[in-house]
Amino acid sequence: MADIFVESWAPEYGSPLDNDEQLRPAEGSVDHTVEGVAWSPIDGRDDGEAVIAFVDGVQRVDARLTIDDPEQGPVPGLCGTIAAGATVWERGVPVSTIQAAEVERWAIVGSGRSESLPVIDLHPGYRTTRSSSDDPAQLMQALGDLRQAAERRIAARLAESCSVIVDGPVHERSPVTVGCIKRHHVTYLEPAENRVVGRLGSGQRTPLFTISNHRRYAWYVRLATLRGGHSWTGIVRCETPAHVPLPEAVAAADRTAALLPAVASEPHLDPRAPQNLVPIAALERELRHLMGDPGLVFRALRAAVHAEAS
């Protein structure tokens, strides 16, 4: 009989093991032989990469909109702010700085409506875009898509000069970047390979495996071993696009296994420790500051819309 554990994450953040059957890979799509090595824990290897950039973004709903159409009925929309940037770690100095930060404000109008938000006295101001859907969940998805697009632009620029780690999945057409996924929605491996994940020590990784219908290489890394944790505690899944040459993917896997434990968060400091990396947490705090006070933004929105309607 299996043992029961209490997850280390604070309950309001959910669980690092959050099953979603919709994301389960197609049968036969996972190839765990791609690296051509025995399926057993592999020690990380630091290749001395001088600069590592950690890229992430945050988003916030500033207000909900309603287009009052007397004939068609009310149409929903939302106003949101997104911010993205990078914590750049210069290992030789050593020093980390927030760079390439961008803030955008968007009004997303449902049902493909043509109305636009009036000019708001904020910097940056709002741009209006449209969604064909009037489903609130789809409007939120549209805001998330805008955030992810900003993250990809920043990651692509930084990847020209340094190694880039993105918080979350990578896009299949991304340059040579690594995605670090802290929450496990599905189990990709068969039982024999899953047992190897549970045997990983801090600073070790699994061999690479491919997920053909997701077009990427993936591997698991253990960031830390926590007291009272289960076999998947402290595990993240990393991935890089499948267009990356295999030797570069292997080098990225070795590098992440060697370096990520050094920037893993501590349980007494972060409610999502150790998976919420310290450079990512610092970046998120700065980005939320740059987004501006939510109360001021809400009042500016209401004042501008009320003035136009008067």
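The values are calculated or read from the model by the stated rules, or taken from the named source; none is laboratory data. Worth saying up front: this structure is predicted, and the values here are computed from it rather than measured. When we count neighbours, we look across all protein chains shown, and the Cβ atoms used for this are built from the backbone with ideal geometry, even at glycine. The area values use the complete protein model at the heavy-atom level, side chains included, leaving out ligands, DNA and RNA. Shrake-Rupley method; radii C 1.70, N 1.55, O 1.52, S 1.80 Å.
Of note:
- Ligands, DNA and RNA are left out, and with a 1.4 angstrom probe the accessible area of region 174-232 is 39 Å² per residue.
- For the chain, calculated [θ]222 nm from helices alone, where every DSSP H run of n ≥ 4 adds -39500 (n - 2.57): -8000 deg cm²/dmol
- Rounded to the nearest 20 debye, the dipole size of the chain about its Cα centre is 360 debye, using +1 on the Cβ of Lys and Arg and -1 on the Cβ of Asp and Glu.
- Annotation: peptides 188-200, 4-16, 230-242, ranked by per-residue average of other Cβ atoms within 10 Å with the highest first, follow the order 230-242, 188-200, 4-16.
- Here the contact order of region 87-148, divided by its residue count and restricted to Cα pairs under 8 Å and six or more residues apart, works out to 28 percent.
- Protein accessible area in the chain, 1.4 Å probe - carbon and sulfur %: 51
- Inter-label distance, PHE5 to ARG195: 1.8 nm, where each label sits 7 Å from its Cα along the C-beta direction.
- In this label model, ARG91 and LEU269 are separated by 1.9 nm, measuring between points 7 Å along each Cα→Cβ vector.
- Our estimate of slack between SER310 and LEU246, defined as 0.36 nm per intervening residue step minus the Cα-Cα distance, is 16.8 nm.
- Long-range amide H partners of ASP62 with built H, under 5 Å: CYS79, GLY80, THR81
- Rounded if a/c under 1.5, otherwise prolate or oblate - region 129-221, Cα gyration tensor axes: oblate
- Taking the longest Cα principal axis of the chain as reference, the axis of helix 294-309 is set at about 30 degrees.
- Karplus-derived HN-Hα couplings along region 130-147 (A = 6.51, B = -1.76, C = 1.60, θ = phi - 60°), whole Hz, x at Gly and Pro: 10, 10, 6, 9, 10, 7, x, 5, 5, 5, 5, 4, 5, 5, x, 5, 5, 5
- Our estimate of slack between ARG127 and ARG64, defined as 0.36 nm per intervening residue step minus the Cα-Cα distance, is 21.2 nm.
- Along each principal axis, Cα extent of the chain, largest first, Å: 71, 46, 39
- Computed from phi, the 3J(HN,Hα) profile of region 230-240 under the Karplus parametrisation 6.51, -1.76, 1.60 (θ = phi - 60°) reads 8, 5, 9, 5, x, 9, 10, 9, 9, 7, 9 Hz, with x in place of Gly and Pro.
- The length gained on full extension between LEU17 and HIS289, counted as 0.36 nm times the residue separation minus their Cα-Cα distance, comes to 94.9 nm.
- Efficiency of FRET from Cβ geometry, ARG215 and GLU115, R₀ 30 Å, rounded to 0.05: 0.20
- DSSP beta bridges confined to the chain are antiparallel in about 80 percent of cases.
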